[in-house]
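Take a look at the structure set out below.
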Amino acid sequence: MEPLFWPSAGQMPVRNLRRKLQYGQLFWREVGRGQTVIFLHGSWHDGDQWSETLALMGRQYHCLAPDLIGFGESERLQDKTAYSIAMQVKTLAELLDSLRIGSVVLVGHSLGAWVAARYALRYPEQVKGLCVLEPEGFAYTPKRWRRERWLISPLSGLWLAITKPFARKSTPGQTPTWLQNYHWRQLLRRHPAACRLLFQRRRNVLEPEVVGGLANLSMPMVALQGEHAGETSRQLTQTFETAAPRATVKVLPGKDELPTYGAKAIAEFLGHWLPVIDK
């Protein structure tokens, strides 16, 4: 256990914890007491993505932000084919059972929203509310990941090395396409678990894990979206709305990546929403 104290006066200490579970050692951040809120990180992040939100909410709620298996300080699987949304759901259930946590509110960004929705479908009696941001996993969209599948391949590294001397210069204020591809490839290589879960599995394995619908769930559900969100973020929210017709959409100040750049707005929304669903 590694206590971590936030510098601002009056904020609760955040504890860094680890526990050995079936699929490996899981690392998570934990703060506060009361109703438990689980924050699940996005595809290219780990639980630290939620640190500012935890600091803002720790006085009122019991908040946990795990690194999913394969991410951050949690253990990586030696067998890459073992990565699945079902495995992440099972690991989260095992953690909550070991901590004797009965009911939770789930808040998930991107890949974390996919895990959260699958968890809600598997354990509806345990989930009191579901909040998603830029949710992945609500449609099978192989064409969307075509560029990423190529960039993560060994051939793309060779191609980038060969074409670097011939890369076109961009106009002032714009990043050259070659450099964009290079940086994106570096990011992908740092997150092998996300690549495996999102686009490196066969269709017959991945498609059954897509969230087909949440119409039968009775808990409150909401999607948060930045008022200046990009087209991809808006499409992800719309796909969630189709799968969850009872859900509402709340527009917050900001663009994409709200957990990173809009933590205060998220905390303020949850501060109003959680007491309502807790009645």
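Quick rundown of the values:
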| item | result |
| --- | --- |
| Residue count, segment 125-156 (criterion: touching a strand residue (DSSP E or B) at 6+ places or on another chain (Cβ under 8 Å) and open to solvent by 20 Å² or more (accessible area, probe 1.4 Å)) | 3 |
| Test result for residue 108, under 22 Å from residue 221 (Cα atoms), open to solvent by less than 50 Å² (accessible area, probe 1.4 Å) and either in the same structural domain as residue 36 (by the TED database) or of a type in the set (Lys, Arg) (or both) | yes |
| Among the candidates 23, 61, residue that is over 18 Å from the mean Cα position of the chain (by Cα), more than 25 Å from residue 224 (Cα to Cα) and of a type in the set (Ser, Thr, Tyr) | 23 |
| Residue 255 touching an Asp or Glu at 6+ places or on another chain (Cβ under 9 Å) and of a type in the set (Lys, Arg) | yes |
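The values are calculated or read from the model by the stated rules, or taken from the named source; none is laboratory data. Since this is a predicted model, take the numbers as computed values, not measurements. Glycine also receives a Cβ, built like all others from the backbone with ideal geometry; neighbour counts cover every protein chain displayed. For the accessible areas, the whole protein counts, side chains as well, though only heavy atoms, and no ligand, DNA or RNA atoms are used. Shrake-Rupley method; radii C 1.70, N 1.55, O 1.52, S 1.80 Å.
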